[in-house]
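J.: Just dropping this structure here.
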Amino acid sequence: MSKFILKVGTAAAVLLACANASAAATVTYINSEKMTDVPRFSSDRESMEMILQEHLNLLATKLPEGQQLKVEFIDIDLAGDVFPRVPVRDIRVMKGQADWPRMHLRYSIEQDGKVLRSGESELSDPNYLMGARSYNQDLYGHDKQMLDDWFRKEIMPAR
């Protein structure tokens, strides 16, 4: 029960920080049901989309005031592989073999309706199980870490 309360509290803090931040992210998913490896049930897929949206909102707070991050996910291959266990719940298993996370996305940074920068990136992290990670206990933690690395390397240096 305490882990649940901690996660709900953390999620509330993230939402509050995003609501108070001037920078925001607009995220769209291009045919998410046809992506390489996303949850097969629509409710789980919607949950994944919301989690990634919240994470990108958090990253966007690091942009200069007035700038907005726009991201279109073209393809997502989440970390690990899914093993159906029961008809209503799948289990995602991380082996560290050929199951690393991959994402193909388009992005732009806009301010006052003007595109400051845009591009397309294909992210992957074959070493996703190596080293220290910030989101070890989070759902989609390895995928979030890969987005953090992309944001730090591609978006922040170009300011």
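J.: What tally of residues in the range 127-151 results from selecting those that are exposed (fewer than 15 other Cβ atoms within 10 Å of the Cβ) and either acidic (D, E) or at pLDDT 90 or above (or both)?
T.: Adding up the residues that qualify gives 1.
J.: Which of the residues belonging to the range 98-126 are within 16 Å of T28 (Cβ to Cβ), surrounded by 14 or more Cβ atoms within 10 Å (Cβ to Cβ) and without any contact (Cβ under 8 Å) to a residue 24 or more places away in the chain?
T.: none
J.: Then there is this: Need the failing condition index for K95 against (1) surrounded by 15 or more Cβ atoms within 10 Å (Cβ to Cβ); (2) at pLDDT below 90; (3) in a loop (DSSP other than H, G, I, E, B), just the number.
T.: Going through (1) surrounded by 15 or more Cβ atoms within 10 Å (Cβ to Cβ); (2) at pLDDT below 90; (3) in a loop (DSSP other than H, G, I, E, B) one by one, K95 breaks only (1).
J.: Listed residues E49, E65, E33; which is at pLDDT 95 or above and of a type in the set (D, E, K, R)?
T.: Of E49, E65, E33, the one residue that is at pLDDT 95 or above and of a type in the set (D, E, K, R) is E49.
The values are calculated or read from the model by the stated rules, or taken from the named source; none is laboratory data. Keep in mind that what you see is a predicted model, and the values were worked out from it rather than measured. Here Cβ is always computed from backbone atoms with ideal geometry, including for glycine, and neighbour counts include all displayed protein chains.
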